[in-house]
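The values are calculated or read from the model by the stated rules, or taken from the named source; none is laboratory data. This structure is a prediction, so every number in the text was calculated from the model and none was measured. Here the Cβ is made from the backbone with ideal geometry for all residues, glycine too, and neighbour counts use every protein chain on show. Note: areas computed on protein heavy atoms with side chains; ligands, DNA, RNA excluded. Shrake-Rupley method; radii C 1.70, N 1.55, O 1.52, S 1.80 Å.
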Amino acid sequence: TEVGAYGNGSQAQLPSLHYDLSLRRNKSQIFWDRPTSDVTRNWKWDEVVASDDMTRAFIAHYMQYGLAFLVGTPFTLNSTEEILSRLDLHPIWDNIFGRISSVKYQSDPMNQAFNSQYLELHTDMPYYTQTPSVYLFHCIANDLEGGKSFWGDTFSAARHIRSAEPEMHDLLSTVLIPFRQYRQGWYMAGKYPTFEFLGPDLYRTRVCGFVADNHAFARDYDAALRADWWEAYHYLRQLMNDTSRHVSRKLEPGEMVFIDNWRVQHGREAFSPGPLGKSRVMQASYIEWTHLQNRLLRVDEAER
């Protein structure tokens, strides 16, 4: 792991560190390309919810690594909302799948998340004008064979590409990729670069091949540029598909993963839909980054 290299690489003290993390300044983030003990740390629900300081420490860890594991939470079908309420994280971000969606096997799914096949690393809902930022993945049941979850840090891969192949980095930062979603009465579309910057900082990434609009891409760009972009994208995918860079675990009931959807891609290994009486049920929800920022900073401000 290494402090984010798109900024100046300095570390600040609290509460300045909290402020920089909340603004997504790379100098305060820690990029990772291996599943270190810091990245995979388990935060115990009873401890995190016991004090405001522990809640804020958990949020700061999440903002720094883009990934955080909360374990020992309640895990009934109504628990996700209860957990967020106890942490004072709200409102839940509504979207085409609902405020809280149950991700479980469907024989005729409207989306790849609801089948049992392998799901490559991706960003959720890149076709939204503002892709959801804070992604919460809560395990309710997981006793089917297979179905291990895995995550990879796109910021770390982007840093590598900028150093090793700067021309590829430029293509991934400037070429606008069209996305669209048009299932069951919905039609949403947008065009965005793979890497998005805010000033000097890598701010947001969008990677999701199964909702990319390849027809629009061929219409909008000439063959030479498309070939160059695909080469750069393939290089990114090679890095992201390297399993040595992944955090990987089969989630257990009561584990909730906080994922920075703008930074950390998530995926899933294939699983068996049967037998009867067993299931894989996850609850997915999102909250706005700014509301997480509020939860982290408001006490810092009061302490000044």
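Selection of the stretch 261-279 for residues being closer than 22 Å to Phe75 by Cα, touching a Ser or Thr at 6+ places or on another chain (Cβ under 8 Å) and either modelled with pLDDT of 95 or more or among the basic types (Lys, Arg) (or both) yields His266, Gly267, Arg268. Can you find a residue that is within 24 Å of Phe97 (Cβ to Cβ), touching a strand residue (DSSP E or B) at 6+ places or on another chain (Cβ under 9 Å), charged (D, E, K, R) and in a loop (DSSP other than H, G, I, E, B) anywhere in the stretch 195-207? Scanning the stretch 195-207 turns up at least one residue that is within 24 Å of Phe97 (Cβ to Cβ), touching a strand residue (DSSP E or B) at 6+ places or on another chain (Cβ under 9 Å), charged (D, E, K, R) and in a loop (DSSP other than H, G, I, E, B).
Per-residue answers, yes or no, for (1) under 23 Å from Phe75 (Cβ atoms); (2) open to solvent by 50 Å² or more (accessible area, probe 1.4 Å); (3) outside any helix (DSSP H, G or I); (4) in contact (Cβ under 8 Å) with a residue 40 or more places away in the chain:
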position: His215; (1), (2), (3), (4): no, yes, no, no
position: Arg237; (1), (2), (3), (4): no, no, no, no
position: Pro253; (1), (2), (3), (4): yes, yes, yes, yes
position: Tyr286; (1), (2), (3), (4): yes, no, yes, yes
position: His291; (1), (2), (3), (4): no, yes, no, yes
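Given the condition in a loop (DSSP other than H, G, I, E, B) and either more than 23 Å from Thr40 (Cβ to Cβ) or in contact with a Leu (Cβ under 7 Å, 6 or more places away or on another chain) (or both), answer yes or no: does some residue in the stretch 256-270 qualify? Spell out the reasoning first.
In the first step, residues of the stretch 256-270 are kept if they are in a loop (DSSP other than H, G, I, E, B); the result is 261-263, 269-270.
Those left that are additionally either more than 23 Å from Thr40 (Cβ to Cβ) or in contact with a Leu (Cβ under 7 Å, 6 or more places away or on another chain) (or both): none.
Scanning the stretch 256-270, I find no residue that is in a loop (DSSP other than H, G, I, E, B) and either more than 23 Å from Thr40 (Cβ to Cβ) or in contact with a Leu (Cβ under 7 Å, 6 or more places away or on another chain) (or both), so the answer is no.
For Leu225, are the conditions met, namely being open to solvent by 20 Å² or more (accessible area, probe 1.4 Å) and touching a helix residue (DSSP H, G or I) at 6+ places or on another chain (Cβ under 6 Å)? In short, no. Contact map, the stretch 155-181: residues that are open to solvent by less than 30 Å² (accessible area, probe 1.4 Å) paired with residues that are at pLDDT below 95 and assigned to a helix (DSSP H, G or I), Cβ distance under 8 Å, separation 6+ or inter-chain. Pairs shown: Phe179/Val211; Gln181/Val211.
Whenever a residue of the stretch 20-43 is under 12 Å from Phe155 (Cβ atoms) and open to solvent by 50 Å² or more (accessible area, probe 1.4 Å), it has no partner that is assigned to a loop (DSSP other than H, G, I, E, B) and hydrophobic (A, V, I, L, M, F, W, C) lying with C-beta atoms less than 6 angstrom away and at least six residues away or across chains.
Confirm whether Leu172 is over 30 Å from Glu255 (Cα atoms) and either outside any loop (DSSP other than H, G, I, E, B) or of a type in the set (D, E, K, R) (or both).
Working: over 30 Å from Glu255 (Cα atoms): yes; either outside any loop (DSSP other than H, G, I, E, B) or of a type in the set (D, E, K, R) (or both): yes.
Yes.
Filtering the stretch 137-162 to residues that are under 21 Å from the mean Cα position of the chain (by Cα) and of a type in the set (Asp, Glu) leaves only Asp153.
Looking only at the stretch 129-144, decide whether some residue is surrounded by fewer than 16 Cβ atoms within 10 Å (Cβ to Cβ) and without any contact (Cβ under 8 Å) to a residue 40 or more places away in the chain. The answer is yes; a qualifying residue exists.
When Glu81, Glu47 are screened for being over 18 Å from the mean Cα position of the chain (by Cα) and at pLDDT 95 or above, only Glu47 passes.
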